[in-house]
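What follows is a single structure, written as structure tokens, with notes after it.
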Amino acid sequence: MAKPQPVEIAGHQFESKLDALAFMKAMLNRYRPGDVVTTIDGAFLLEALKRHPEASEKIGPGISSFEVRSADFGTQCFWAVRIDGSEERFSYKSCL
């Protein structure tokens, strides 16, 4: 089995992608649908979003904030609110 590769996001050091995923899942679950993500968590999410395979499309002209909203099958997900007022849903799992 391959040795886990460390991951660094916004100054946070994770021993593996699984550890980073667990951190982001816990972050998502701290919020309820409709909540605006705190500035500190938002800074982390922006750095994570830069790792997304469609980062330039997701970020667009820039991010003003992040929110948590309801998603499919009773789940919730992160949304990026851009500086131009447009919004984009993204999967934190795709950021790794």
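Derivation of every value follows stated rules applied to the coordinates shown; laboratory data play no part. Given the structure is predicted, the values throughout are model-derived calculations rather than measurements. Glycine gets a Cβ as well: all are built from the backbone with ideal geometry, and neighbour counts include every protein chain shown.
Miscellaneous remarks
- Near the amide H of Ile63, within less than 5 Å, lie the amide hydrogens of Ile83, all on another chain or at least 5 residues away, with H placed in the peptide plane.
- Scanning residues 5 or more positions from Ser16 or on other chains, those with amide H under 5 Å from its amide H are Val7, with H placed 1.01 Å from N in the peptide plane.
- In order along the stretch 32-45, phi translates into HN-Hα couplings of 10, x, x, 6, 8, 6, 4, 4, 5, 5, x, 4, 5, 4 Hz, rounded to whole numbers, per the Karplus curve 6.51 cos²θ - 1.76 cosθ + 1.60 with θ = phi - 60° and x for Gly and Pro.
- A Cα-only calculation for the stretch 33-87 places Rg and Dmax at 11.0, 31 Å.
- In the chain, the convex hull through the Cα atoms has an average projected area of 6.6 nm², a quarter of its surface area.
- Where Cα atoms sit under 19 Å apart: lysine pairs in the chain separated by 8 or more or lying on different chains: 9
- Amide H within-cut-off set for Glu87, under 5 Å, with H built and near neighbours excluded: Arg82
- Computed label-point distance, nm, for sites Gln13 and Asp72 using a 7 Å Cα→Cβ extension: 3.8 nm
- Extension gain (nm, one decimal) between Val36 and Ile83, 0.36 nm per residue minus Cα-Cα: 15.4 nm
- Computed from backbone phi with θ = phi - 60° and the Karplus coefficients 6.51, -1.76 and 1.60, the 3J(HN,Hα) list for the stretch 21-27 is 4, 5, 4, 5, 5, 4, 4 Hz; x is used for glycine and proline.
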